[in-house]
1. Average projected area of the Cα convex hull of the chain, in nm²?
2. About its Cα centre, what dipole magnitude does the range 1-72 give when the only charges are +1 on Lys and Arg Cβ and -1 on Asp and Glu Cβ, stated in debye to the nearest 20?
3. Determine, from the Cβ-Cβ distance of Gln23 and Arg65 and an R0 of 35 Å, the FRET efficiency 1/(1 + (r/R0)^6), rounded to the nearest 0.05.
4. Modelling each spin label as a point 7 Å along the Cα-to-Cβ direction, I'd like the Gln55/Leu15 distance in nm, to one decimal.
Amino acid sequence: MSRLVELEANGPRKLDADDVDEQKGDVAICQCGLAETFPFCDGSHRQTRDEAPDQRYVYDEDGTRAVVDRIVSDEESD
């Protein structure tokens, strides 16, 4: 499976004591790219559990998922 993920920022995010979950004592980093609290995990990955390995997906801002044939950039290729 593949997934289109759009990010609005770049560069590092420095973690501090406020980033540690007081109940769990840990910090979970998002790997799906869908978390509203990115780069921290908020459980959004749960909506990807039934993604098929041979499909490409795009998620809207409201979490609506669509299967796409391909992802095309408006950038010119060399």
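1. Values: hull surface 29.4 nm².
Average projection, Cα convex hull of the chain: 7.4 nm².
2. Working: 9 positive and 17 negative charges, 75 e Å.
With only Lys, Arg, Asp and Glu charged at Cβ, the dipole is about 360 debye.
3. On the way: r = 30 Å, r/R0 = 0.85.
Here the calculated transfer efficiency is 0.70.
4. In this crude spin-label approximation the distance works out to 3.3 nm.
Each value in this text was obtained by applying a stated rule to the coordinates, not by laboratory testing. In this text, all values refer to a predicted model and were calculated from it rather than measured experimentally. Cβ atoms come from the backbone with ideal geometry, glycine included; neighbour counts cover every protein chain shown.
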